[in-house]
1. State which residue is nearest to the chain's Cα centre (by Cα) when the search covers only region 105-126 and only residues that are assigned to a loop (DSSP other than H, G, I, E, B) and closer than 18 Å to Gly76 by Cβ.
2. In region 74-104, how many residues are among the acidic types (Asp, Glu) and at pLDDT 95 or above?
3. Can you confirm whether Thr48 is assigned to a helix (DSSP H, G or I), in contact with a strand residue (DSSP E or B) (Cβ under 9 Å, 6 or more places away or on another chain), modelled with pLDDT under 90 and loosely packed, with under 15 Cβ neighbours inside 10 Å?
4. Here are Arg119, Arg100: which of them is buried (at least 16 other Cβ atoms within 10 Å of the Cβ) and touching a Ser or Thr at 6+ places or on another chain (Cβ under 6 Å)?
5. Is it true that some residue in region 128-145 is at pLDDT below 95, closer than 23 Å to Ala52 by Cα, in contact with a Cys (Cβ under 9 Å, 6 or more places away or on another chain) and β-branched (Val, Ile, Thr)?
Amino acid sequence: MPAALALAALGMGCSPAADPAATPRSAPAPAAAPTATMQARAVPLDATRALAMLETRLQSDRTYPDPQCLSYENEGNAWTDMAASAAPAATPEAVDVAVREIHGGACQGDPQTAPVRDRYRVERSGTILCYDVVNGDYVGYAQRTRDRAGGML
């Protein structure tokens, strides 16, 4: 075993392996544990967690030039009550979020209004979808980002 690898193994609390010929074979390993996706399905998506995931992603991607003038609102299943609405309702495995403008103070605009800038769907798996008004459906976050950049990404 190379010296650097031995030091790394010892640093992690591991000792060098015994001679493979002298070590008896052990029983096969038990079946693999459930995948993260399977575990994610078992845990209901918390709206607070979904809002935080979306806000973090939008800020890290610098999607909006004025993040301090935005609020994130859980829309839940509000759209199911409005038959005329173009936005589909959230599935039990997702949370619908409206990104609204904040007006007043350091943010320009009429303080009596809070227009929706965009709508997103955060799925339990962590996938973020963006509502495409033209097509009337949610599209992948990466596709929406690419479309906003004029297909140049």
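The values are calculated or read from the model by the stated rules, or taken from the named source; none is laboratory data. Note that the coordinates shown come from a computational prediction; the quantities given were computed from them, not determined experimentally. Ideal geometry is used to build each Cβ from the backbone, glycine not excepted, and the neighbour counts take in all protein chains shown.
1. The first filter runs over region 105-126 and keeps only residues assigned to a loop (DSSP other than H, G, I, E, B), leaving 105-106, 108-115, 124-126.
Cutting the leftovers down to closer than 18 Å to Gly76 by Cβ gives us 114, 124.
Values: Ala114: 24, Arg124: 8 Å.
Per the criteria, the residue is Arg124.
2. So in region 74-104, the residues among the acidic types (Asp, Glu) come out as 75, 81, 93, 96, 101.
Add one more test, that the residue is at pLDDT 95 or above, and what stays is 101.
The total comes to 1.
3. On the way: assigned to a helix (DSSP H, G or I): yes; in contact with a strand residue (DSSP E or B) (Cβ under 9 Å, 6 or more places away or on another chain): yes; modelled with pLDDT under 90: yes; loosely packed, with under 15 Cβ neighbours inside 10 Å: yes.
Against the criterion (assigned to a helix (DSSP H, G or I), in contact with a strand residue (DSSP E or B) (Cβ under 9 Å, 6 or more places away or on another chain), modelled with pLDDT under 90 and loosely packed, with under 15 Cβ neighbours inside 10 Å), Thr48 qualifies.
4. Values: Arg119 fails: touching a Ser or Thr at 6+ places or on another chain (Cβ under 6 Å).
When all the criteria are applied, what remains is Arg100.
5. Yes; the residues of region 128-145 include at least one that is at pLDDT below 95, closer than 23 Å to Ala52 by Cα, in contact with a Cys (Cβ under 9 Å, 6 or more places away or on another chain) and β-branched (Val, Ile, Thr).
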